[in-house]
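What follows draws every value from the coordinates through simple rules; no lab data is involved. In this text the structure is predicted, and so the values were computed from the model without any measurement. Note: ideal-geometry Cβ built from the backbone for every residue, glycine included; neighbour counts use all protein chains shown.
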Amino acid sequence: DTAVSQTPKYLVTQMGNDKSIKCEQNLGHDTMYWYKQDSKKFLKIMFSYNNKELIINETVPNRFSPKSPDKAHLNLHINSLELGDSAVYFCASSPGWGATEAFFGQGTRLTVV
Amino acid sequence: SQQGEEDPQALSIQEGENATMNCSYKTSINNLQWYRQNSGRGLVHLILIRSNEREKHSGRLRVTLDTSKKSSSLLITASRAADTASYFCATDESGGGADGLTFGKGTHLIIQP
């Protein structure tokens with residue numbers, strides 16, 4: 001069973017469109033994250049979320065919004081897509097406490113044309 | 001937020017040799033982690049070292065941490081072709097909490113058969 005799964009794996013869309021990336025974890029973790037990896041492979045956290053609070057990286061445009069229907073899911077919705085949004089987006093989860101590893105999904109490669 | 005720096009950015013060695021990668025960071029941490037990313041895949045956790053630890057081993061991996069210099073190193077002994085990947089250090093400031101991980105830029109390791 002895949003611990004953290006995200007769909008789709010590839011997403012090609014036109015500028016101005018709205019799209020969503022789904023993420024599910026079956027680890028029972030309390031905290032989930034979205035990371036963005038740019039073309040130079042630099043990874044940066046976008047959001048972290050548990051059932052108590054959402055923490056947003058201040059550099060993330062408000063066109064990006066996480067939506068969590070329940071503890072096991074954290075979807076990423078992007079409005080009015082721009083060329084610069086092209087990147088690989090990773091979902092991850094962790095227990096949310098203590099020093100422990102994060103579990104990553106396989107990534108979604110978003111290409112905006 | 002802090003930003004780790006890996007050194008070198010790229011490393012190419014012969015199979016069987018040892019590979020050493022370094023990471024520097026800027027602020028106080030709870031723990032430091034190393035992840036591997038194979039081409040087109042998600043990140044896989046390799047090893048975690050807490051701020052009060054100086055050295056840790058896991059199989060062919062050896063990690064050191066010097067909090068006074070804010071630096072860490074990852075040594076892979078007896079490298080194999082399958083070790084070819086990008087390696088990232090990641091710092092955890094709060095111990096698995098909502099701050100997530102802060103990643104370095106990564107070292108691309110190529111093991112030549």
message: What's the whole-number percent of alpha carbon pairs in chain A lying beyond 21 angstrom?
response: 30 percent
task: Give a residue-ordered list of calculated ³J(HN,Hα) values for the stretch A:21-34 (Karplus: 6.51 cos²θ - 1.76 cosθ + 1.60, θ = phi - 60°; whole Hz; x for Gly, Pro).
output: 10, 9, 9, 9, 10, 10, 9, x, 6, 8, 10, 10, 9, 10
Loop-located trypsin sites (Lys or Arg not before Pro) in the stretch B:44-113 whose Cβ has at most 12 other Cβ within 10 Å (DSSP): B:ARG54, B:LYS69, B:ARG80
task: Find me the longest stretch of chain B that has none of the exposed GluC sites (Glu not before Pro), where exposed means in a DSSP loop (not H, G, I, E or B) with at most 15 other Cβ atoms within 10 Å.
output: B:54-113
task: Within chain A, what's the longest run with no trypsin sites (Lys or Arg not before Pro) in a DSSP loop and at most 14 other beta-carbon atoms within 10 Å? Give the range, please.
output: A:64-113
- prompt: Over all distinct alpha-carbon pairs, what is the Kirkwood Rh of the stretch B:62-113 in angstrom?
  reply: 12.9 Å
statement: Log10 I(q)/I(0) at q = 0.24 Å⁻¹ for chain B, from Debye over equal alpha-carbon scatterers, is -1.41
query: For the protein assembly as shown, taking Cα atoms only, what is the radius of gyration to one decimal and the Dmax to the nearest whole Å?
result: 17.4, 50
task: Express in whole angstrom the spacing between the alpha-carbon centres of the stretch A:1-57 and the stretch B:66-94.
output: 24 Å
